1. Applying the selection to the range 150-179, what residues are in a loop (DSSP other than H, G, I, E, B) and modelled with pLDDT of 90 or more?
2. Name every residue in the range 127-149 that is touching a residue at least 60 places away in the same chain (Cβ under 8 Å), part of a loop (DSSP other than H, G, I, E, B) and either loosely packed, with under 13 Cβ neighbours inside 10 Å or in contact with a strand residue (DSSP E or B) (Cβ under 7 Å, 6 or more places away or on another chain) (or both), in order of residue number.
3. Give me a count of the residues in the range 2-52 that are crowded, with 16+ Cβ neighbours inside 10 Å and in a helix (DSSP H, G or I).
4. Please give the number of the condition residue 86 fails out of (1) assigned to a helix (DSSP H, G or I); (2) modelled with pLDDT under 90; (3) touching a helix residue (DSSP H, G or I) at 6+ places or on another chain (Cβ under 6 Å).
5. Would you check if residue 66 is in a helix (DSSP H, G or I), touching a strand residue (DSSP E or B) at 6+ places or on another chain (Cβ under 9 Å) and surrounded by fewer than 16 Cβ atoms within 10 Å (Cβ to Cβ)?
6. When the residues of the range 97-124 are filtered to those that are at pLDDT below 90 and at positive phi, which remaining residue is farthest from the chain's Cα centre (by Cα)?
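The values are calculated or read from the model by the stated rules, or taken from the named source; none is laboratory data. No experiment lies behind these values; they were computed from the predicted model shown. Glycine gets a Cβ as well: all are built from the backbone with ideal geometry, and neighbour counts include every protein chain shown.
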C-alpha cells in the first residue's frame, strides 16, 4: 500500500496567566463526527490552504522565527508564510478570536504573524489514513480580540489550567505538548519533533537558534 503524504498543518498553543500568574491554555473539543481525531480536546489549528501562501498579512513572521523553522527543517520562506497565516486563520475560524494585530476584511483574515513563536513539529504515523505534518506555534492568549464565536468545529472551548488540561481526553501529541508546555514557553534552543517509529511515539530534539 502506498504511503500517504502528510499534509502541511499549523496549530496554535494559546497561553495566558490566570489571577495567580499560572499558565492556562485555550482548548476545545472536536466533534464526534470529525474524520480526524474525533471527540478529543485540541489546540486550534488545521491544514494549510493554497491561499495561505499569498494572502496579504498585517505583519510578517518574525525573522528569528523563520530562521527557527528553517533550522528545524520545518519550512522554507514560502511555506513559513503559509503556516503563519494558516495558524491564525484556523484560530479565527474555529474560535472566533482574532490574534494580535490581525484583522478581518471581506470575510477573510489578514494575519499578524509576528504574534507567533515556532515551538514544535509533529508528523502523524505512516499507517494513518489521514496524515499531517503539523507545526506548533505558541502565542500570547492575552492578545486575542473579540468574543468566542467560531464555526462550531470546536465545542467546550475554554481556558484550562495546565493541571486540568492534562486530565482532558487528548491524543498523545497533545499530551506531550501539554507536559512540556512550560519548557516550550521559555523558548528553549531545542525544539521537539514528535514522530512515530513502528507505530510508537519517538521524540527527537532539534537544535534551533
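1. 166, 167, 168, 169, 170, 171
2. Listed by number, the residues that qualify are 127, 129, 130, 131.
3. 1
4. (2)
5. no
6. This residue is 106.
Here's the yes/no breakdown for (1) in contact (Cβ under 8 Å) with a residue 60 or more places away in the chain; (2) farther than 16 Å from residue 122 by Cβ:
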| position | (1), (2) |
| --- | --- |
| 40 | yes, no |
| 46 | no, no |
| 51 | no, yes |
| 63 | no, yes |
| 69 | yes, no |
| 92 | no, yes |
| 99 | yes, yes |
| 106 | no, yes |
